[in-house]
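Visitor: Questions regarding the structure given below will be posed in turn.
All of the numbers you see were taken from the coordinates with simple rules; none came from a lab. Predicted, not measured: the structure shown is a model, and the values here were computed from it. We place every Cβ from the backbone using ideal geometry, glycine too, and count neighbours over all the protein chains shown.
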Amino acid sequence: MRIEFHYEVDFKLNLETLYSDWITRIIDRENASLGNLSYIFCDDSYLLKINQEHLKHDTLTDIITFDYTENSVISGDIFLSIDRIKENASQFEVAVDEEIHRVMSHGLLHLLGYNDKSSEEKDLMRNKENEMMELFHVEQ
């Protein structure tokens with residue numbers, strides 16, 4: 001049971017252990033268990049190729065999550081485009097770190113069973129993202 005971080009682009013999280021601890025607290029808070037979880041940071045072209053090949057979508061996106069969760073053991077691959085995250089941060093006038101936290105928690109929330117198709121689901125997802133982002137700064 002582990003959390004791994006991979007980088008396909010010139011970017012690296014500072015203090016990966018801080019992120020691992022945060023992710024583990026989110027999973028615990030949702031009464032689930034950690035399986036094998038990978039966060040893969042990449043650029044737009046890398047993620048576009050995955051979107052085209054696996055989801056048959058020809059659009060840019062900030063995140064794609066592949067869910068391997070069984071029962072309540074959370075496992076998956078979460079691909080994040082640093083290009084999209086930086087552009088979104090600029091568009092929404094937030095710090096890049098804040099947007100990284102939002103997108104990382106968003107992918108994890110999908111693995112935890114939350115969706116964002118309907119407006120009600122989107123509202124719940126946004127509230128959960130905010131709740132989980134606040135956990136990032138909480139010391140255990």
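Visitor: Round to the nearest 0.05 the FRET efficiency obtained for Glu98 and Met1 when R0 = 35 Å and r is the Cβ-Cβ distance. Numbers along the way, then the final one.
Guide: Details: r = 28 Å, r/R0 = 0.80.
For Glu98 and Met1, the calculated efficiency is 0.80.
Visitor: Among Asn71, Leu108, Met1, whose Cα lies farthest out toward the positive end of the dipole of the chain, if unit charges sit on the beta carbon of Lys, Arg (+1) and Asp, Glu (-1)?
Guide: Farthest towards the positive end: Asn71.
Visitor: Calculate the dipole size of region 90-140 relative to its Cα centre from +1 charges on Lys and Arg beta carbons and -1 charges on Asp and Glu beta carbons; express the result in debye to the nearest 20. Don't skip to the answer; put the middle values down first.
Guide: Details: 5 positive and 12 negative charges, 47 e Å.
Charge dipole of region 90-140: 220 debye, to the nearest 20.
Visitor: Moving on. In nm, to one decimal, how far is the Asn36 label point from the Asn115 one, both placed 7 Å along Cα→Cβ?
Guide: So the two model labels end up 2.8 nm from each other.
Visitor: For the pair Ser90 and Tyr68, what calculated FRET efficiency results from E = 1/(1 + (r/R0)^6), where r is the Cβ-Cβ distance and R0 = 35 Å, to the nearest 0.05? Intermediate values should be presented prior to the final figure.
Guide: Working: r = 33 Å, r/R0 = 0.94.
My answer for the efficiency is 0.60.
Visitor: Run the simple label-point estimate for Asn127 and Arg25 please: 7 Å along Cα→C-beta, distance reported in nm.
Guide: Label-label distance for Asn127 and Arg25, simple model: 2.1 nm.
Visitor: Continuing with this model, one more query. Report the far tail of the P(r) of region 2-136, meaning the percent of Cα-Cα pairs longer than 24 Å.
Guide: Details: 2170 of 9045 pairs.
So the portion of pairs separated by more than 24 Å is 24 percent.
Visitor: Give the lysines whose C-alpha is closer than 28 Å to that of Lys49, dropping any in the same chain fewer than 8 places away, or say none.
Guide: Lys12, Lys86, Lys117, Lys122
Visitor: Using the 10 angstrom Cβ neighbour count as an exposure proxy, how do Phe41, Phe5 rank, fewest first? List each step's numbers first, then the result.
Guide: Details: Phe41 23, Phe5 14.
Ranking Phe41, Phe5 by Cβ neighbours within 10 Å, fewest first, gives Phe5, Phe41.
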